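Written out below as structure tokens is the structure these notes cover.
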Amino acid sequence: MGVIFNKEVQAGCRLGIWKINENYRELRVRLSLESEEIKTLESFRNHARKMEWLSVRNLINELTGKSSRIVYNEDRKPFLLESSYNLSISHSRDLTSILISRFMRVGIDMEYMSHKISMIAGRFINESEKITEDPDLLRYHLYIHWCAKEALYKICDKKNINFKRNLRIEPFEPLDRGSIVGTVDKVSRAESFLLNYFRMDNYIIVWCCK
């Protein structure tokens, strides 16, 4: 199926989503890969991991309008080799998402709501954060919280951040789409971010540009 979402969600910040309906050959033939990239692709033993990797490269080419090579630093933060865009990547089930910007920091997370997230909520919700008491909304609310913290973690370069201790999400009402405020509190400083979220079928997508 390919690209199912491609939109400038904020001035200078574009979000794309790819739905993986293709087979391996259909995804691979679209790409012109360097020898190191081919080596990386062939090193994956899991077929789903190969499909994810290929969908990311196909999607970034669609968003940038050219053949673009993704590289990673020592913290596994992705960059474009020519440094033309900042980018953040997330995938879940059969969807891949990428957020790009030339001039802003970016962070995105996407999750398919597949399990009882309340069982692990104690690992990422701190005592000062508020979660709905409505049993019909609890699971959805927790997923937004989790995705928001993942997006904050990514936009802050994944360094020295504990989800429960360093990240805080301000109270919000869980809607089909909306905005929330998150704060990253580290020893050196505290920084606030405006995060945006929306629901796509059973997926939650949270993104942030700053």
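Just so it is clear, none of the values below were taken in a lab; they were calculated from the coordinates. What you see is a predicted model; the values in this text were computed from it and never measured. When we count neighbours, we look across all protein chains shown, and the Cβ atoms used for this are built from the backbone with ideal geometry, even at glycine.
Numerical summary
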quantity	calculated
Sites matching trypsin sites (Lys or Arg not before Pro) across region 152-182 that sit in DSSP coil, with at most 11 neighbouring C-beta atoms within 10 Å	K159, R165
Charge context of K116, other residues only, Cβ under 14 angstrom, K/R +1, D/E -1	+1
The chain: radius of gyration over Cα atoms, expressed as a fraction of 2.2 N^0.38 Å	1.03
Note, ³J(HN,Hα) from phi for region 104-113, Karplus 6.51, -1.76, 1.60, rounded to Hz, x at Gly and Pro	10, 6, 9, x, 9, 9, 9, 9, 8, 6
Rg(Cα)/(2.2 N^0.38 Å) for region 109-209, N = residue count	1.00
Formal net charge of residues neighbouring D157 (Cβ-Cβ distance under 9 Å; K, R +1; D, E -1)	+4
Cα centroid separation - region 1-80 against region 145-194, whole Å	26 Å
Mean Kyte hydropathy of -1.0 or more with a Cα span along the axis of at least 24 Å, helices from DSSP in the chain	47-64, 138-155
GluC sites (Glu not before Pro) restricted to DSSP loop in region 1-70 with at most 16 other C-beta within 10 Å	E34
Directionally averaged projected area (convex hull, Cα atoms, region 2-103), nm²	6.5 nm²
Tally of Lys pairs whose C-alpha atoms are under 16 Å apart, taken over region 87-193, 8 or more apart or cross-chain	11
Sites matching chymotrypsin sites (Phe, Trp or Tyr not before Pro) across region 70-171 that sit in DSSP coil, with at most 14 neighbouring C-beta atoms within 10 Å	F103
GNM result for the chain, Cα springs below 10 Å: residue of D185, D94, D75 fluctuating most strongly	D75
Table column - 3J(HN,Hα) (Hz), region 21-31, Karplus curve with 6.51, -1.76, 1.60, x for Gly and Pro	10, 7, 8, 4, 4, 4, 6, 5, 5, 6, 10
